[in-house]
Each structure stands twice: as C-alpha cells, then as structure tokens.
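The structure under discussion appears below in the form of structure tokens.
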Amino acid sequence: MELYELLKNKIDKDILKSLLTIDYWMGEKQKAKILFFEENMRQIQQLIVEKGYFDQNQVYRYARVFKDYRYNNTYIFALYNDQQTESSIYSIDFKEDTCQKIS
C-alpha cells in the first residue's frame, strides 16, 4: 500500500483505489484478497446474480467485486477459476445494464 500512501493526496483517492484494485486483480491467478473494504458488496453480489450476469457459484466462490469510482453505477468484477489461470476482469454498469469484459 505504499503506492497508495504516496499518491492519495495527489489524485482522487477513490479513483486511485479503483486503479490499484484493477491492476492487482489482473495479475492474480487465485481469488485475490480485498484491498479496500466496501460496505455494500453483499447487495452488489446479489444484484449481479439477479441480473444474470454470472451465476451464484461464480459470484460467491470465484469472484471479487469492487466499486469502479471512475464511472457512476459501475463495478469491477474479477472472475477466477479452479484451473488457476489468469482472472477475467469485467466492468458491470447497472444503470446501462451492461457487463463487458475488459481483460
């Protein structure tokens, strides 16, 4: 977190959190730890399942979710797998009702 401490007063803290989270999750082959705690993640996970973007097993067993502060109503969704290959990163926009793979 040294990079966060170094840059947090130079750019928007929330945008910095989003960028650091995306960068960290992209390189992980196992379900990554959560870098920054978000209070409403359980509700967001439920909404992802309800909207049919991913199934319940994927969301709760193989994924991480984080608010993407670069955009309104958007979340970063990292999907891992049991073969320990690189994760797939998605951008989910609930207002536009879209789910796009970004890596």
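The values are calculated or read from the model by the stated rules, or taken from the named source; none is laboratory data. Not measured: the values here are computed from a predicted model. Don't worry about glycine lacking a Cβ; one is built from the backbone with ideal geometry, like all the others, and counts go over all protein chains shown.
Here is how the numbers come out for the structure above:
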| item | result |
| --- | --- |
| Residue in the stretch 80-103 that is farthest from PHE36 (Cα to Cα), counting only those that are assigned to a strand (DSSP E or B) and at pLDDT below 95 | SER88 |
| Counted residues, the stretch 4-61 - those being closer than 13 Å to SER88 by Cα and of a type in the set (D, E, K, R) | 4 |
| Any hit, the stretch 9-22, residues being among the small types (Gly, Ala, Ser) and assigned to a helix (DSSP H, G or I) | yes |
| Count of the stretch 31-44 residues which are part of a loop (DSSP other than H, G, I, E, B) and either hydrophobic (A, V, I, L, M, F, W, C) or in contact with a His (Cβ under 8 Å, 6 or more places away or on another chain) (or both) | 5 |
| Residue in the stretch 61-73 that is in a helix (DSSP H, G or I), loosely packed, with under 14 Cβ neighbours inside 10 Å and at pLDDT 90 or above present | yes |
| TYR80 vs. criteria crowded, with 19+ Cβ neighbours inside 10 Å, within 11 Å of the chain's Cα centre (by Cα) and either closer than 19 Å to ILE15 by Cβ or not charged (D, E, K, R) (or both) | no |
| Test for GLU28: is it assigned to a loop (DSSP other than H, G, I, E, B), under 11 Å from the mean Cα position of the chain (by Cα) and in contact (Cβ under 8 Å) with a residue 12 or more places away in the chain | no |
